[in-house]
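K.L.:
Right, I'll just put the structure down here and ask away after.
The values are calculated or read from the model by the stated rules, or taken from the named source; none is laboratory data. Keep in mind the model is a prediction, meaning the values are calculated, not measured. When we count neighbours, we look across all protein chains shown, and the Cβ atoms used for this are built from the backbone with ideal geometry, even at glycine.
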Amino acid sequence: MPEVVTCRSVTYINNKTAASLTQEEIDLDTCYEDNEIVIHVHAAAFNPVDLLSQGFMCSYLVSSRPKSYGRDYSGVIVRRGKNVDEKWQIGDKVNGAQAFLVGQSGSMSDYLVLNPSKQCSISHMKPINQDIQGKYDEFTFDAAWPLVFCTAFGILTNYGQKFGPDSRILVIGASTAVSNAFVQIAKNYMNVGTVVGVCSSKSVEYNKKLGFDYLATYDEGPLIESVAKVFLRDLQKEKFDLIFDSVGNNDFFPVLDKFLKPRSQNSYYITIVGDGKLKYGSFSAMGTFWMASRILNPFRSYNYKFGLFSPSERAMEIGNKLISEGKYKPAIDSVHPIEDFKEAIDRLSSSRAKGKVVLKINN
Ligand SMILES: NC(=O)c1ccc[n+]([C@@H]2O[C@H](COP(=O)([O-])OP(=O)(O)OC[C@H]3O[C@@H](n4cnc5c(N)ncnc54)[C@H](OP(=O)(O)O)[C@@H]3O)[C@@H](O)[C@H]2O)c1
C-alpha cells in the first residue's frame, strides 16, 4: 500500500514574487531513486544565499514552477534506496547542508530527498552537550549550523595555511553567523593565537564572549583607524596571516601591505561576499565586477580568494563532535514555526540577525 503524504514547502516563483507555503502530495515509497534517502525534516535554517539566489531569478528567464528555499536541515531518515551506503539507515537522525543554486529540492519542506554521496555535507547528529544546548531542541540546534560551519571550516583548511598559537587572523564581520562558527573553530579546534574581529559597537560584548581576542568597531569612525588601534596597541604591529571578510568590504586593499603578511609567507585575503555588502534579494553587478577583477588580476601582490560553501562530510562530523564536547555553540537568532515563514524572511533580510534564523517544520 503506497504511503501518500502531504509535503508543505516554502517556495517562490521568481524575483518578483513573494514567498508562499505551497503543498503537494508525494508517495513516500516512489519519490526516491536507488541512491537516495528521504528525510523527514524537523527544522531548516535560512541563509542569505536563499534570498540572493531568488534575486537572480528574473521572471523572463525562469519557469513558473515553484522553487523552494533552504540549504540547512535536520531530521530523520524515513526511506532509503537499495544502493545507499549502509551507514545511512531508516530512523537515523541526520543534519546537513545542501549545495544547490535553485530548484525544488530546498530543505524548507516536510520531506527532503537527496543522494548522500553527492550531497556530502551530511552526518549523524550527536547528543548535544548540556552546557550549551540552552532552550533549543536537538533538531532546531542542529539545523542552525551546517552551511556556516562548513564554509568557515573550508576557509581555514582549504588554502594550505597552517594555523596555531602564533597565528593572527582578522575577521571583518565578526557578528555574522559564518564568523561565529569561524572564531570557535579557530580558537577551540585549531588553537589560533589571536583572532581580531570587526563589528558594530553594540556587538562588542557579544563577540568577546565567543572568543575574539580583540574587537574593532566599524561605526565609531573609519574602520581602518579602528583596526590600526588594535594593531598598534595589542598586536605590536605583528601582521595578520589571514584577513577573512564575511560581510563585503574593500577598505583594506589600499593599505593591505601594512596589515597582511607578505604573500611569500602564504598569507591570504579571503572574502565570501566580495567588495561590497550585498543587498539580500538583489544582484550587484559592480560588486561582482570588482571581485572578478581582483581574482583575475595577474599583477596582484597578495593572495586573494573568493571562498565558497565547501560541502564536506568531514567538516560535518567535526562540527557534531565539537558540539557534543561543548566546544562549538552555533548562534541562533530566532525560531519560527513554518507557518510564520514571512516573519523569518523579514528577520533575515534585516541584516541584523545574530545567528541563524531557523524554521521549525515538524516536532
Ligand atoms: N560564498 C559563500 O559560499 C557564502 C557562504 C555563506 C555566507 N555567505 C555570505 O556571507 C555573508 C554573511 O552571511 P551570514 O549568514 O553569516 O550573515 P548574517 O549572520 O546574516 O550577518 C548578520 C550580521 O552582520 C553584521 N553586519 C551588518 N553590517 C555589517 C558591516 N557593515 N560590517 C560588519 N558587520 C556587519 C551584523 O552585526 P553587527 O552588529 O556587527 O553589525 C549582523 O549581526 C552574506 O553576505 C552571505 O551571503 C557566502
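K.L.:
Of all residues being within 9 Å of the ligand (Cβ to nearest atom) and not in a strand (DSSP E or B) in the range 183-212, which is farthest from Phe253 (Cα to Cα)? Just the residue, please.
P.N.:
Tyr206
K.L.:
Got a number for residues in the range 295-351 being among the basic types (Lys, Arg) and touching a Gly at 6+ places or on another chain (Cβ under 9 Å)?
P.N.:
1
K.L.:
Against the condition part of a helix (DSSP H, G or I) and either closer than 30 Å to Thr17 by Cβ or within 19 Å of the chain's Cα centre (by Cα) (or both), how does Cys120 come out, does it pass?
P.N.:
no
K.L.:
Now a separate question. List the pairs whose first member sits in the range 246-272 and is over 16 Å from Phe163 (Cα atoms), whose second member is modelled with pLDDT of 95 or more and in a helix (DSSP H, G or I), and whose Cβ atoms are under 6 Å apart, counting only residues at least 6 apart or on separate chains?
P.N.:
Sorted first by the residue in the range 246-272, then by its partner, the pairs are Ser246/Val178; Ser246/Ser179; Asp251/Leu223; Asp251/Ile224.
K.L.:
Tell me the residue from Gln54, Gln119 that is surrounded by 20 or more Cβ atoms within 10 Å (Cβ to Cβ), within 30 Å of Gly248 (Cα to Cα) and within 15 Å of the ligand (Cβ to nearest atom), please.
P.N.:
After ruling out the rest, the residue left standing is Gln54.
Each row is one residue, and each column tells you yes or no for (1) under 23 Å from the mean Cα position of the chain (by Cα); (2) in the same structural domain as Ala344 (by TED's automatic domain parsing); (3) not charged (D, E, K, R).
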position	(1), (2), (3)
Ile26	no, yes, yes
Tyr32	no, yes, yes
Ser53	yes, yes, yes
Arg79	no, yes, no
Lys93	yes, yes, no
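K.L.:
Sticking with this structure for a sec: Regarding the range 294-304, can at least one residue be identified that is within 16 Å of the ligand (Cβ to nearest atom), at pLDDT below 90 and either loosely packed, with under 14 Cβ neighbours inside 10 Å or over 30 Å from Val94 (Cα atoms) (or both)?
P.N.:
yes
K.L.:
Looking at this structure, is Glu238 touching a Ser or Thr at 6+ places or on another chain (Cβ under 7 Å), assigned to a loop (DSSP other than H, G, I, E, B) and modelled with pLDDT of 95 or more?
P.N.:
In short, no.
K.L.:
Let me ask something additional. Which of the following residues is in the same structural domain as Ala97 (by TED's automatic domain parsing) and part of a helix (DSSP H, G or I): Gly319, Gly326?
P.N.:
Exactly one of Gly319, Gly326 is in the same structural domain as Ala97 (by TED's automatic domain parsing) and part of a helix (DSSP H, G or I), namely Gly319.
K.L.:
Mind checking which residues of the range 31-51 are assigned to a loop (DSSP other than H, G, I, E, B) and either without any contact (Cβ under 8 Å) to a residue 12 or more places away in the chain or within 11 Å of the ligand (Cβ to nearest atom) (or both)?
P.N.:
Of everything in the range 31-51, those that are assigned to a loop (DSSP other than H, G, I, E, B) and either without any contact (Cβ under 8 Å) to a residue 12 or more places away in the chain or within 11 Å of the ligand (Cβ to nearest atom) (or both) turn out to be Phe46, Asn47.
K.L.:
Within the range 235-248, which residues are surrounded by 13 or more Cβ atoms within 10 Å (Cβ to Cβ) and either more than 16 Å from the ligand (Cβ to nearest atom) or of a type in the set (A, V, I, L, M) (or both)?
P.N.:
Result: Leu235, Glu238, Lys239, Phe240, Asp241, Leu242, Ile243, Val247.
K.L.:
Which residues, taken from the range 307-363, are polar (S, T, N, Q), within 10 Å of the ligand (Cβ to nearest atom) and on the phi < 0 side of the Ramachandran plot?
P.N.:
Ser310, Ser349, Ser350
K.L.:
Considering only residues of the range 136-162 that are over 16 Å from the mean Cα position of the chain (by Cα) and of a type in the set (Phe, Trp, Tyr), which is farthest from the ligand (Cβ to nearest atom)?
P.N.:
Residue satisfying both the conditions and the ranking: Phe139.
K.L.:
Shifting gears a bit: Does any residue of the range 257-280 turn out to be of a type in the set (Lys, Arg), surrounded by fewer than 17 Cβ atoms within 10 Å (Cβ to Cβ) and under 25 Å from the mean Cα position of the chain (by Cα)?
P.N.:
yes
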